[in-house]
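Before any comments, here is the structure.
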Amino acid sequence: MIELHRVSKVYSVGPVKVPALSDVSLRVNKGEFVVLTGASGAGKTTLLRLLYRDDLPSDGDVEVFGHDLGALKHRDVAALRRSIGVVFQDAKLLPVRTVYENVAFVLRVLGTPKREITQRVFDALRVVGLSSRAQAYPAQLSQGEAQRASLARAIVRKPPLLLADEPTGNLDEAMEDEILGTLRDIWAGGTTVVLATHQTYLAQALRRRTLTLQSGRLVKDEG
Amino acid sequence: MLGFLIGEALRDLRRAGRVAVSAIVLITLSLAALGGFWLLSANLERAVARWRERVRIIVYLKREPAPAEAKALVEQVQAVPGVAGVLYIGKAEALASLRQLLGKDASVVAQLPANPLPASLEVTPAAAAATPEGARALVERLSTLPEADEVAGSGDWVERLSQWQRLLTTIGLGIGIVLAAAAFLTVTTATTLILHARREETEIMRLVGATEATIWLPLLLQGTMQGLIGAVLALAALVATHSLVAPRLEPLVSITLGLPDLAFLPPVNVLALVLTGALLGGMGGWLVRPGREP
Ligand SMILES: Nc1ncnc2c1ncn2[C@@H]1O[C@H](COP(=O)(O)OP(=O)(O)O)[C@@H](O)[C@H]1O
Ligand SMILES: [Mg+2]
């Protein structure tokens, strides 16, 4: 489902080169639940961004669903992103739309019938425990709520692949457990899940395959 | 999907706010100017067409021919190219119509020692000869008749009217184009503002898999909406002005131009105005498409 072959990523900030990933190779099969861990700045977000083709690697190849992302045409990029649910680290909610509209948006661009949209959006909001906040705007949400809205948007399309970037980053323990439970349910429903987190204890608690990044290098792949 | 796109377009339109309002006002002005001149020129054109039909060339004869001669002459003139019809008017007939024209003053005619009016041929030019050149050529041809004394009436003034009408259309088009250019630039500005205001949103939309069409179709639509709203407002203004002014102007128009009424724009022009509006707005929205990501 996912294959990285000797992938490196170097950001250029003016004349400064910031290495974010160095020579990373890995493979994630369909139906796996993978935890991507490492300290802040280790390159987790960068790796996920390469998977939904938000950016291209400086070196190496990225393959998702059997497509070489470096060779993907523009309109195929949109199609790729529609089959991947992403929980963004910074939520990335549309600012002038309510939580409901934000989640509904990804269904509307698919041309889903309106009646079905209402049903599915409320299902997704119930799963993340945000039903009561459906009419709130992003600015009115706590960071944790924003992240849950982002998760609801990511799962509402029931994508074959879910990428979650620090989805528990700003949550208390109870909420954390709930989100992890949600991810596990989605995974049990057949979705491949990649969860990025800097909280190493989460990786241990989940008892799933864990990839550890350190300064952009893949240093451990276990479980 | 269409409902979704229209919803997004309306959202964009609201975002452009006052600039969109300016764009709509400018579109309204340019289309109203264009439509106003069209309206005047369409009515002048009707007048020209009416007068063209009435253009007659009179061939005054040197002497009154005998009935048989007259019949032969009519047939001869009938055969001249560019002639649609010929009517022979004898001296007596001419006098009779003069008497009729004078009405109660007809007694003046009775005091005349002799009938001073010449016999004449009233020639109706064929449609092809009803142009200035055609009429002039026909007059020349008729002047070569040995029986002809003088040939009168070429419909020159009708042609001058026609020139005025064309001038009016051109002026209208000129003013319309200048205003339309301003309107177009304003639509472009409004769309650029929208694009700027929703930059972050566009970015997020792309990340969650919105196609480029979903991103720029609303922009195109909001531009088209500006144009359509402007066109509808311009038409409303034209209808209102026409229904207010036309009844007051009609007596004057009927005396000077011989038109019974001032007609509103024909449906083709109404349609053209609406399409021009939609096109102006649509193009403005289309030109400012968001750039693609790398
Ligand atoms: N857009 C960017 N431009 C420049 N440097 C970046 C950018 N994004 C991330 N980096 C740098 O790349 C490295 C990896 O960052 P990131 O992938 O966000 O790590 P993580 O998600 O594990 O915290 C960091 O040193 C970070 O500062
Ligand atoms: Mg990160």
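The values are calculated or read from the model by the stated rules, or taken from the named source; none is laboratory data. None of these values were measured; they are calculated from a predicted model. For neighbour counting, all protein chains shown are included, and Cβ atoms are generated from backbone atoms with ideal geometry for every residue, glycine included.
Brief remarks follow.
- Residue selected from segment A:79-134 under the condition touching a helix residue (DSSP H, G or I) at 6+ places or on another chain (Cβ under 6 Å) and among the charged types (D, E, K, R), by the criterion modelled with the highest pLDDT: A:133
- Being away from every other protein chain (no Cβ under 14 Å), more than 21 Å from the chain's Cα centre (by Cα) and not in a helix (DSSP H, G or I) is not true of residue B:18.
- Any hit, segment A:90-97, residues being among the acidic types (Asp, Glu), without any contact (Cβ under 8 Å) to a residue 40 or more places away in the chain and within 11 Å of ligand 1 (Cβ to nearest atom): yes
- Failed item, numbered, when residue A:6 is tested on (1) part of a strand (DSSP E or B); (2) within 10 Å of ligand 1 (Cβ to nearest atom): (2)
- Selected residue (criterion: farthest from ligand 1 (Cβ to nearest atom)) from residues of segment A:40-59 that are within 22 Å of residue A:91 (Cβ to Cβ) and more than 14 Å from every other protein chain (Cβ to nearest Cβ): A:47
- Complete set of residues in segment A:187-223 that are part of a strand (DSSP E or B), within 15 Å of ligand 2 (Cβ to nearest atom) and touching a Lys or Arg at 6+ places or on another chain (Cβ under 9 Å): A:195, A:196, A:197, A:211, A:212, A:213, A:214
Conditions (1) among the acidic types (Asp, Glu); (2) in contact with a His (Cβ under 9 Å, 6 or more places away or on another chain); (3) within 14 Å of chain B (Cβ to nearest Cβ); (4) not in a loop (DSSP other than H, G, I, E, B), marked per residue:
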{"residue": "A:70", "(1), (2), (3), (4)": "no, no, yes, yes"}
{"residue": "A:76", "(1), (2), (3), (4)": "yes, yes, yes, yes"}
{"residue": "A:91", "(1), (2), (3), (4)": "no, no, yes, no"}
{"residue": "A:103", "(1), (2), (3), (4)": "no, no, yes, yes"}
{"residue": "A:106", "(1), (2), (3), (4)": "no, no, yes, yes"}
{"residue": "A:110", "(1), (2), (3), (4)": "no, no, yes, no"}
{"residue": "A:115", "(1), (2), (3), (4)": "no, no, yes, yes"}
{"residue": "A:123", "(1), (2), (3), (4)": "yes, no, no, yes"}
{"residue": "A:126", "(1), (2), (3), (4)": "no, no, no, yes"}
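- Only one of the numbered conditions (1) assigned to a strand (DSSP E or B); (2) loosely packed, with under 13 Cβ neighbours inside 10 Å is not met by residue A:30, and that is (1).
- Close pairs from segment A:1-30: first more than 25 Å from residue A:192 (Cα to Cα), partner of a type in the set (D, E, K, R), Cβ under 6 Å, at least 6 apart: A:10/A:17
- The residue list A:22, A:40, A:12 contains one member that is within 16 Å of ligand 2 (Cβ to nearest atom), surrounded by fewer than 21 Cβ atoms within 10 Å (Cβ to Cβ) and of a type in the set (Ser, Thr, Tyr), which is A:40.
Residues are listed down the side, and each one gets a yes or a no for (1) surrounded by fewer than 20 Cβ atoms within 10 Å (Cβ to Cβ); (2) farther than 18 Å from residue A:93 by Cβ; (3) free of Cβ contacts under 8 Å to residues at least 40 places away in the same chain:
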site: A:114; (1), (2), (3): yes, yes, yes
site: A:120; (1), (2), (3): yes, no, yes
site: A:123; (1), (2), (3): yes, yes, yes
site: A:137; (1), (2), (3): yes, no, no
site: A:146; (1), (2), (3): no, no, no
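- Residue A:12 in a strand (DSSP E or B), within 14 Å of chain B (Cβ to nearest Cβ) and either more than 10 Å from ligand 1 (Cβ to nearest atom) or over 18 Å from residue A:220 (Cα atoms) (or both): yes
- For segment A:9-68, the set of residues classified as under 21 Å from residue A:190 (Cβ atoms) and either in contact with a Lys or Arg (Cβ under 8 Å, 6 or more places away or on another chain) or hydrophobic (A, V, I, L, M, F, W, C) (or both) consists of A:28, A:32, A:33, A:34, A:35, A:36, A:48, A:51, A:52, A:64, A:65, listed by residue number.
- Filter pass, residue B:53 being in a helix (DSSP H, G or I) and either within 30 Å of the chain's Cα centre (by Cα) or on the phi < 0 side of the Ramachandran plot (or both): yes
- Scanning segment A:83-119 for residues that are charged (D, E, K, R) and within 16 Å of ligand 2 (Cβ to nearest atom) yields A:90, A:92.
- Qualifying residue in segment B:183-201 (condition: surrounded by 22 or more Cβ atoms within 10 Å (Cβ to Cβ) and within 14 Å of chain A (Cβ to nearest Cβ)): yes
- Any hit, segment A:158-174, residues being buried (at least 23 other Cβ atoms within 10 Å of the Cβ), within 14 Å of chain B (Cβ to nearest Cβ) and more than 16 Å from ligand 1 (Cβ to nearest atom): yes
- Qualifying residue in segment A:131-153 (condition: in a loop (DSSP other than H, G, I, E, B), farther than 18 Å from residue A:40 by Cα, within 14 Å of chain B (Cβ to nearest Cβ) and more than 15 Å from ligand 1 (Cβ to nearest atom)): yes
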